[in-house]
Amino acid sequence: MASVFKRGGKDKRGGVWYISWIDHMGSRHVKSARTTDKATAERIANKLEADASLRRDRVIDPEADEIGKESQRAIESHLEDYEARMRAAARTEKHIAGTLRHIRAIVEFAGFQTVGDISAEGVNRYAAMMSDVGRSARTINAHLSSIKAVTRWLAENKKLVRDPLTAVKKPNPKSDRRCERRILLPDEWPWLIHATLEGPERFDMSPGDRRLLYETAIQTGLRAGELRSLSRGNLVMDAHSAMIVCKARSTKNRKDARQHIHRDLADALKAHVARKAPAAPMFNLPHESRLAQMLRDDLAAARQNWLQAVLDDPDAYSQRESSTFLVDVNDQGERLDFHSLRHTCGAWMALGGEHPKTIQTVLRHSSITLSMDTYGHLFPGQESAAVNKLHATMVGPSASLLATGTADDVAIRSSQSAAHAQRAGRETLPERASRCDAADPNRAQKKPPKSLPVADLSGVVRPDATAGTSSGGGTRTPDTRIMIPLL
């Protein structure tokens, strides 16, 4: 039964009334009626008690009622809970900030106030606006992924009846790529390393440090943020192998990365970190906005060395000058940045004929499909070898078989084998089996079989056994050992 009372006793004047009631789950609640009039407070208390009774009797669905209340909460209050959820899932600060920025931009544009206001129409209008102002499909995809993730979370946690954005389709990021990365060609690598070692200090990194950084990035496929987190303790060596272990807190998929490296690189890194404090970073990388520029400066120096190598030959110099060799943007519009070194890792393995599963393991792709979509076209000779095998299957008998006259026999046997295979699952006869209706001249002729006599149905037919009288109540035997079980 709901009751009303005042804090400090009923004789306290001027204070608001409070209501105490028991909900449909049997829990007691206390809330302020926000009124000094007792009659008004009692009417509110009676309504709370009646609502609890309706929920207890399932007249009002408590779960649907709670979802309705959650859907009327302000979006910003839900975003606080969603941010806590992302932090609990160990998302990076960059990912959290970017996701919340995307969601707030869509909410502000569409005019959503509560999560119940979120609709596919408003989100689609935002996507159309982004497309009209020239934003790439990849950028639009990122914004839509953020808002779709939060509505899916709201539905799963019973804050919305259903996900209102299931019908929103994200654009294909591959259809409008604005920035295509190019790989570092194997022939460009020696020129890059030579120019790097001969070059000046760039962005507080010495030539030797940059050379080790580039080689480590290509051999391990580690990302810039993962390379930035390495220290002396991440280099693991024994008598048989050497690897770099990147801890889960620094990797994109939040799993430990154990990347094998060549022994020569491991020895060079060991000498490099020996001069550093145990907790000091292995590489003093510049800010992420300058990493690409550092690599491009070394690449430009390498191109100058490549051009100067043929200064005495005007024709060769003119030919090299018109080439995109050692240029940060090639003739296909693909641009070289620091992440291109990771791309180079996978591309060089594909060019070397490594199994796609190996590439997936080294690059830590979530699926083999991602590895094949990115590097499948680089596997050498795969299409040509497949076509050659098809041709070998399609060609007829060899010239030697035709010359000996056995080609027809081979073709006949091949045709028979194919026919037998096509009739798999059905009964077949042995090769020397004869037809059932074929006459055998060596077999003696038998007399024709006798015909069966026609029964005379005009005679007296014995009456049915069950129609007559029998012992044991209609059973055919008087033996009770048999009669009783049958009954």
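The values are calculated or read from the model by the stated rules, or taken from the named source; none is laboratory data. On a predicted model such as this, the values are computed, not experimentally measured, just so you know. With ideal geometry, Cβ positions are generated from the backbone for all residues, glycine too; neighbour counts draw on all protein chains shown.
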task: Just name the residue that is nearest to R73 (Cα to Cα) out of those in the stretch 115-148 that are β-branched (V, I, T) and in a loop (DSSP other than H, G, I, E, B).
output: I118
query: Using beta carbons and a limit of 9 Å, which pairs, at least six apart or on different chains, have the first residue in the stretch 311-333 and over 16 Å from A301 (Cα atoms) and the second one part of a loop (DSSP other than H, G, I, E, B) and among the basic types (K, R)?
result: N330/R182; Q332/R182; G333/R182
field: Filter result for T374 (in a helix (DSSP H, G or I) and free of Cβ contacts under 8 Å to residues at least 24 places away in the same chain)
entry: no
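Yes/no per residue for (1) of a type outside the set (S, T, N, Q); (2) in contact with a His (Cβ under 9 Å, 6 or more places away or on another chain); (3) under 30 Å from T251 (Cα atoms):
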{"position": "I19", "(1), (2), (3)": "yes, yes, no"}
{"position": "S27", "(1), (2), (3)": "no, no, no"}
{"position": "R43", "(1), (2), (3)": "yes, no, no"}
{"position": "E49", "(1), (2), (3)": "yes, no, no"}
{"position": "E70", "(1), (2), (3)": "yes, yes, no"}
{"position": "A74", "(1), (2), (3)": "yes, no, no"}
{"position": "E93", "(1), (2), (3)": "yes, no, yes"}
{"position": "R104", "(1), (2), (3)": "yes, no, yes"}
{"position": "V107", "(1), (2), (3)": "yes, no, no"}
field: Residues of the stretch 243-263 that turn out to be over 14 Å from M282 (Cβ atoms) and more than 22 Å from the chain's Cα centre (by Cα), as a count
entry: 3
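Of the residues H262, H272, which single one is assigned by TED's automatic domain parsing to the domain that holds Q219, under 19 Å from R210 (Cα atoms) and in contact (Cβ under 8 Å) with a residue 60 or more places away in the chain?
The match here is H272.
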message: Given the options L285, L326, name the one that is of a type outside the set (S, T, N, Q), surrounded by 13 or more Cβ atoms within 10 Å (Cβ to Cβ) and in the same structural domain as V245 (by TED's automatic domain parsing).
response: L285
message: Looking at L197 and the list (1) surrounded by 15 or more Cβ atoms within 10 Å (Cβ to Cβ); (2) modelled with pLDDT of 95 or more; (3) not acidic (D, E), which single condition is not satisfied?
response: (1)
message: I need the full set of residues from the stretch 133-153 which are among the charged types (D, E, K, R) and touching a residue at least 40 places away in the same chain (Cβ under 8 Å), in order please.
response: R138
statement: V168: passes all of (1) at pLDDT below 95; (2) touching a Phe, Trp or Tyr at 6+ places or on another chain (Cβ under 8 Å) but (2)
query: Restricting attention to the stretch 55-114, which residues are over 26 Å from the mean Cα position of the chain (by Cα), β-branched (V, I, T), at pLDDT 85 or above and assigned to a helix (DSSP H, G or I)?
result: I75, V107
query: Quick check: is even one residue across the stretch 334-346 in contact with a helix residue (DSSP H, G or I) (Cβ under 6 Å, 6 or more places away or on another chain), part of a loop (DSSP other than H, G, I, E, B) and modelled with pLDDT of 90 or more?
result: yes
field: Matching residues, the stretch 199-243, being of a type in the set (D, E, K, R) and without any contact (Cβ under 8 Å) to a residue 12 or more places away in the chain
entry: E201, D238
- prompt: Is there any pair with a first residue in the stretch 347-369 that is among the basic types (K, R) and modelled with pLDDT of 90 or more and a second that is outside any helix (DSSP H, G or I) and surrounded by 13 or more Cβ atoms within 10 Å (Cβ to Cβ) whose Cβ atoms are under 7 Å apart and which are 6 or more apart or on different chains, and what are they?
  reply: R364/A257
Among the residues listed as R34, R43, R28, R7, the single one being within 47 Å of the chain's Cα centre (by Cα) and either farther than 25 Å from K158 by Cα or at pLDDT below 90 (or both): R28
message: Looking only at residues that are surrounded by fewer than 19 Cβ atoms within 10 Å (Cβ to Cβ) and not basic (K, R) in the stretch 127-140, which one is nearest to I96 (Cα to Cα)?
response: T139
Qualifying positions in the stretch 203-230 - in a helix (DSSP H, G or I) and in contact with a strand residue (DSSP E or B) (Cβ under 8 Å, 6 or more places away or on another chain): R210, L213, T216, Q219, T220, E226, R228
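Mind listing just one residue for me: the one in the stretch 156-165 that is free of Cβ contacts under 8 Å to residues at least 24 places away in the same chain and out of contact with any Lys or Arg (no Cβ under 6 Å at 6 or more places or on another chain) and, of those, surrounded by the most Cβ atoms within 10 Å (Cβ to Cβ)?
N157
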